[in-house]
Each structure stands twice: as C-alpha cells, then as structure tokens.
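Report on the structure given below.
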Amino acid sequence: MAGSGASLDMEKAKNVAQTVIGDVASVLHGALCFIGDRLGLFKAMAGAGPITIDQLAAKTGLSARYLREWLAAMAAARYVEYDAAGDSYLLTPEYAAALADEDSPFFIGSYFQMAQAAVSVAPQVAEAFKSGKGVTQAEYPPWFFEATERNSRTRYQHKLLRKWIPAMPQVAAALNAGGSAADVGCGGGRAAIMIAQAFGKARVTGFDIHAESIERARRNAVTAGVADRVSFEAANGSALPAGRFDFVTTFDVVHDSVDPVSLMSAIRRALKPDGTYLVQEINISDAVQDNIRPMGKMVYSVSTLYCMTTSLAHGGAGIGAAMGEPKARELAAAAGFSRFTRLPVKDDFAVLYELRP
C-alpha cells in the first residue's frame, strides 16, 4: 500500500481475511442461535438423543425446510453433532447445559437474545460516535432487558446465596435477624426475590429507573410468593432513604451509571452505620493489553453498544464495562466509604467488592 511504509504480506493478509470471515460467520450464527433460543429449539433437542429433521419438525411444529438449514448451520458451528449415515443431529449434554437448561450453572443461551437486541441499535450508536452523545434505554427493544434478567437469574441462583453472601457473615446475620436489604438497578428483581426467599424475616426493596423492568419485577415477586416482603420502586438510586438498610447491592450497575459517585454516595447514606454495600462488577482488567482475549472482545463490544452509550446519553460519566479495581477504589473513596475489600470469591466473570461506611 502506498505510503504505508511496509509491504503487504500476502500469507498474513489471507489469514486475516479468514479470521474476519469467521467473525462475520459468528455474527450471523448468533442470529440463528437467537432464533433457536426464541423458538425453543435447543430445549426441544436437549435429552432427545439423535434427532432427524422431520422428528424435530413434528416435535416443535416448525417448518422442516427452515429446520434443515438451521440444523446444518448448528452442525457447521459444531453446536450439534451430525451423523451423515442416519441424517440425524445430536445436542450433547454439554451444549444443552449452555443453551437449553435455564437452571444449569453453565446456561448462557440468553446472551444471544441480549446480543441481538444490542446489535439492533448499532445504527444509533454509530450516530453517537459523531456527536459524542449516546443512546437511551428507551431506544432498546424490550427483549434486551428480558435477556439481562435471564442472565442475572443464572448468576444469582448459583452464586448469590451459595457463595457471595456467605462471604460476608455480618450480612447473613443481619438478614436472618430480619434486617433490610436493597438492590439498586434491580431489573426484573431476581436478586431481591431470591434474598427474600432465603431470608424469611428480611424486608427487601428493589430500585430501577426502567419502569418496564419494575413492572416485571412486581409480577415475578407475585409468582415467587414473596410480594408481601419485597417491594419495587421505579426510582433513581441517588434518592435512597437515609439510614435504612443493612445491606445494599449493585450488580453490574456502577460502570454504566450516569453519576457513579452520586449513586455510591447515596448508597453510603442509605446504609445503617454497620451496614454493607456489595458492588459486583465484571471480572476484567482496566488495561487493554490484559483483555486481548474473547472475554475482552465481548466486554468492550457490549460496553460500546450499551453500558457506555446509555450513560453518555444523559451526559454521564460513560465509564464503560471494563472499569477495573483501581476505578472502583477511586469511586468508593470519592463516595466517602472508609473500608474497601475485594472479597476472596473466585469467579471467572464477576468480581465482588465489599464496602463499609
């Protein structure tokens, strides 16, 4: 290339082109996984053993022609195993755990739902690149927030009560004694509901600015049978009542908040003198060179398509999802917390900070 100062290595260029084609294929394959999740195809295949196209069509009531193409794509991606002799397809137990079983600790099928929704606003995000502003939550399709709730349910079901709260004995003691808890940025309310179910005497409140999620949280609480002990408010976390809570949580909230210091300051004021604030963030470095891997690729992408832009849309800090521990410590100090502890909980995806007034 003229003016580049280096000649083109044809072999490397060929490999780069193949890599990019692979990424394009992954984007398109993700759309088919979204369809498979939405139509219950992975669930229909789970535990069914080798299944033919016609058998899957009969089981689901869907078009055999579409299923033929969909299954071929799943086989090409190695999501299912194809037996040419029997012209059948198998969803192995391991892939079923990731794609079909929503009670599995490995379930991540809902990420395709979230990704499809995030990609749908890419044109608006492209315009934000020019203005430096952002895309508001109102511009995202409803299934983005439904997907976020499904994602969080897996974490809370297998980690919140089994690993995270037990790492803070004072929290468990306070809730067992009938203490009060709040989840700020609660979404569909799964964490608040599970805390209420686990601690029968505790009172729990969820706060979120997304009104549709709050309505869904209220319905979820009724379904779970804890609506008498869990309440949900469509409110900004910066307006929390002072001195009320023994325990406050934010799950993947601080990094995309408009004003994280004001939010965390309000949480500090809302805690009782011996209260605890649990900050859960993504377990990723704040240094680009540490994140050159699939996890970094996903986190920076979702940060651009949602976390950062929804904060900037309101003139916010726009910290982004790869916040890192140094930024968390900086924000906690600015908010007036005197104690900051990274909990010794090993988790590939989450990092936990215990903050005390």
Using the structure shown, decide if Glu146 is within 23 Å of Leu305 (Cα to Cα), of a type in the set (Asp, Glu) and without any contact (Cβ under 8 Å) to a residue 40 or more places away in the chain. no
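Given Thr250, Thr310, Thr341, Thr276, which one is under 30 Å from Val27 (Cβ atoms) and in contact with a Phe, Trp or Tyr (Cβ under 9 Å, 6 or more places away or on another chain)?
Values: Thr250 fails: under 30 Å from Val27 (Cβ atoms); Thr341 fails: under 30 Å from Val27 (Cβ atoms); Thr276 fails: under 30 Å from Val27 (Cβ atoms).
Thr310 is the lone residue from the list that is under 30 Å from Val27 (Cβ atoms) and in contact with a Phe, Trp or Tyr (Cβ under 9 Å, 6 or more places away or on another chain).
Among the helices (runs of 4 or more DSSP H) confined wholly to the range 287-357, which include 2 or more residues that are among the charged types (D, E, K, R) and within 19 Å of Asp256 (Cα to Cα)? Explain how you work it out, then say what you get.
Values: elements: 294-302, 308-312, 324-334.
Passing ranges, in order: 324-334.
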For Ala266, only one of the following conditions fails: (1) more than 28 Å from Pro169 (Cα to Cα); (2) buried (at least 16 other Cβ atoms within 10 Å of the Cβ); (3) without any contact (Cβ under 8 Å) to a residue 60 or more places away in the chain; (4) not polar (S, T, N, Q). What is its number? (1)
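Output the residue which, of all residues in the range 303-334 that are in contact with a strand residue (DSSP E or B) (Cβ under 8 Å, 6 or more places away or on another chain) and of a type in the set (A, V, I, L, M, F, W, C), is surrounded by the most Cβ atoms within 10 Å (Cβ to Cβ).
First, the residues of the range 303-334 that are in contact with a strand residue (DSSP E or B) (Cβ under 8 Å, 6 or more places away or on another chain): 321-323, 325, 328-329, 332-333.
Still in the running and of a type in the set (A, V, I, L, M, F, W, C): 321-323, 328, 332-333.
On the way: Ala321: 20, Ala322: 23, Met323: 26, Ala328: 23, Ala332: 23, Ala333: 13.
Selected residue: Met323.
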Hey, among Leu99, Leu39, Leu91, Leu71, which residue is surrounded by fewer than 18 Cβ atoms within 10 Å (Cβ to Cβ) and either aliphatic (A, V, I, L, M) or assigned by TED's automatic domain parsing to the domain that holds Ser152 (or both)? Leu39
May I ask you to list pairs of residues, at least six apart or on different chains, whose Cβ atoms are under 6 Å apart, with the first in the range 96-122 being touching a residue at least 24 places away in the same chain (Cβ under 8 Å) and the second being of a type in the set (Val, Ile, Thr)? Phe107/Thr154; Val121/Val135
All conditions in (1) of a type in the set (Phe, Trp, Tyr); (2) surrounded by fewer than 22 Cβ atoms within 10 Å (Cβ to Cβ); (3) modelled with pLDDT of 95 or more are true of Phe349 except (3)
Quick one: Asp274 ticks every box in (1) out of contact with any strand residue (DSSP E or B) (no Cβ under 9 Å at 6 or more places or on another chain); (2) assigned to a strand (DSSP E or B) bar one, so which box is it? (1)
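The values are calculated or read from the model by the stated rules, or taken from the named source; none is laboratory data. As the structure is a prediction and not an experimental result, all values here were calculated from the model. Don't worry about glycine lacking a Cβ; one is built from the backbone with ideal geometry, like all the others, and counts go over all protein chains shown.
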